[in-house]
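One structure below.
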Amino acid sequence: MTVKDSKTEKVKKFLNLVGKRRLWIQTHDIPDPDALASAEAFRVIARHFGITARIVINGFPVRRENNALIKECKIHAHSIDAIKIRSAKRSAWVFVDCLPGGGNVTLHPLAPGDLFLAIDHHGRPDDTWKTNPKAFVVADPDVGATATMLGKLLLNLKIPVSPRLASAITYAIITDTQDFSRGASKDDLEVYGTLFFQTNQKIISRLRNTTKSRSYFQTVYKSLVNTYTYRHVSWVFIGKVDGREFPAEMADFILSCERITWSLALGHTPHRLYISLRSSQPNAQCGQIIQKLVKNYNSTAGGHNQFAGGFILLDVSDNPEIISALLIKRFLRLILRLPKYAEIPMGTSLVSK
Ligand SMILES: [Mn+2]
């Protein structure tokens, strides 16, 4: 395994500065397996340095697989609303699978304070952090999962990895990279391969075979009957959803349809319209396309080449269906390279009712 020592050294240096401060590990809002496994891995790293850290999150997952990971791997996560911090000077923060200031993470009013570490594989770190001696950023856009970065740290630091943690990390790598098909690197494969022998396969099989609620099937049905395709492009306005997880899952699912290479899924909660974009084309630039889709809206969006996500903040007067129709038009115009006054194709239903 290639030992990228500068990253390990940075983490050590950060942990040495923590001293008597309380250490909080925060994931992006509504964490996915990658965020959860990374948070737990960092907790174990901190403990190795004699520091008791707490994992805090904003919004628990709705997806059963993700809740199963919390339960099966015994990850103790606290809600960010429930923690009490009086002085920023007595806290230090670690952000995993996100960057403080990124639109996908809701910070505590006193965070990130004057000492923090961020470990992430997406987003672009703030330039001002470079000159801040107490802002530690370990960013690696080339790896498929943040859990891979944490796995490397554990291995470099020779910290024993429990079967539970090994299961969480390997599961995170396969879900975040979709079985090494999406944005995976040599590092992902190496960490997966090394930790695989320490995993508990019973835990993994329970994670991969969770039961689902009735309402889940109802939403899948609603999504499928509202999916339209035109040539290699598909899109769906799902309507009301529980959170951002479902549109993302649907965008992935519909992308698996033969001949479809672009998939857009939209769904809303009372305050947000969630957008998930996927492409199987290697240079799809989904991250840039989604920015163009949400342009002029009060929004946050970003992503990689083959997948991107974001949301638009909805006002009481906003109609998510109308906004979605507009975003779909923008999307089709871009992907199909339609001239300005060309008619937008209606598309055909993916399934018949
Ligand atoms: Mn991730």
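The values are calculated or read from the model by the stated rules, or taken from the named source; none is laboratory data. Since this is a predicted model, take the numbers as computed values, not measurements. All Cβ positions, even for glycine, are placed from backbone atoms using ideal geometry, and neighbour counts span all protein chains on display. Just the protein is used for accessible areas: all its heavy atoms, side chains included, with ligands, DNA and RNA removed. Shrake-Rupley method; radii C 1.70, N 1.55, O 1.52, S 1.80 Å.
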For residues that are within 11 Å of the ligand (Cβ to nearest atom) and among the polar types (S, T, N, Q), tally how many sit in the range 172-191. 2
Subset of the range 119-133, residues within 16 Å of the ligand (Cβ to nearest atom) and touching a strand residue (DSSP E or B) at 6+ places or on another chain (Cβ under 6 Å), comes to I119, D120, P125
Boolean, L99 is in contact with a helix residue (DSSP H, G or I) (Cβ under 8 Å, 6 or more places away or on another chain) and in the same structural domain as D34 (by TED's automatic domain parsing): no
Exactly one of these conditions fails for Y341: (1) over 23 Å from K240 (Cα atoms); (2) at pLDDT 95 or above; (3) part of a loop (DSSP other than H, G, I, E, B). Give me its number. (2)
A careful count of residues in the range 328-342 that are open to solvent by 60 Å² or more (accessible area, probe 1.4 Å) and either closer than 19 Å to F237 by Cα or hydroxyl-bearing (S, T, Y) (or both) gives 5
Do the conditions hold for N305, that is, is it of a type outside the set (D, E, K, R) and open to solvent by less than 70 Å² (accessible area, probe 1.4 Å)? yes
Only one of (1) charged (D, E, K, R); (2) part of a helix (DSSP H, G or I); (3) out of contact with any Leu (no Cβ under 9 Å at 6 or more places or on another chain) does not apply to K292, and that is (3)
Please indicate, with yes or no, whether at least one residue in the range 123-146 is touching a residue at least 24 places away in the same chain (Cβ under 8 Å), over 23 Å from A184 (Cβ atoms) and acidic (D, E). yes
For the range 1-91, which helices (runs of 4 or more DSSP H) that fit wholly inside it have 3 or more residues that are in contact (Cβ under 8 Å) with a residue 24 or more places away in the chain, buried (at least 22 other Cβ atoms within 10 Å of the Cβ) and within 16 Å of the ligand (Cβ to nearest atom)? 33-48
Scan the range 102-111 residue by residue and report those that are open to solvent by 30 Å² or more (accessible area, probe 1.4 Å), out of contact with any helix residue (DSSP H, G or I) (no Cβ under 6 Å at 6 or more places or on another chain) and modelled with pLDDT of 90 or more. T106, L107, P109
Of everything in the range 136-153, what is out of contact with any Leu (no Cβ under 8 Å at 6 or more places or on another chain) and open to solvent by less than 40 Å² (accessible area, probe 1.4 Å)? Give them in sequence order. D140, V143, G144, A145, T146, A147, T148, M149, L150, K152, L153
Considering every residue within the range 109-118, establish whether at least one is farther than 27 Å from L273 by Cβ, outside the structural domain of G309 (by TED's automatic domain parsing), within 16 Å of the ligand (Cβ to nearest atom) and touching a residue at least 12 places away in the same chain (Cβ under 8 Å). yes
Looking only at the range 112-122, count every residue that is charged (D, E, K, R) and surrounded by 17 or more Cβ atoms within 10 Å (Cβ to Cβ) and tell me the total. 1
Among the numbered criteria (1) free of Cβ contacts under 8 Å to residues at least 24 places away in the same chain; (2) of a type in the set (S, T, N, Q); (3) assigned to a loop (DSSP other than H, G, I, E, B), which single criterion is violated by N305? (1)
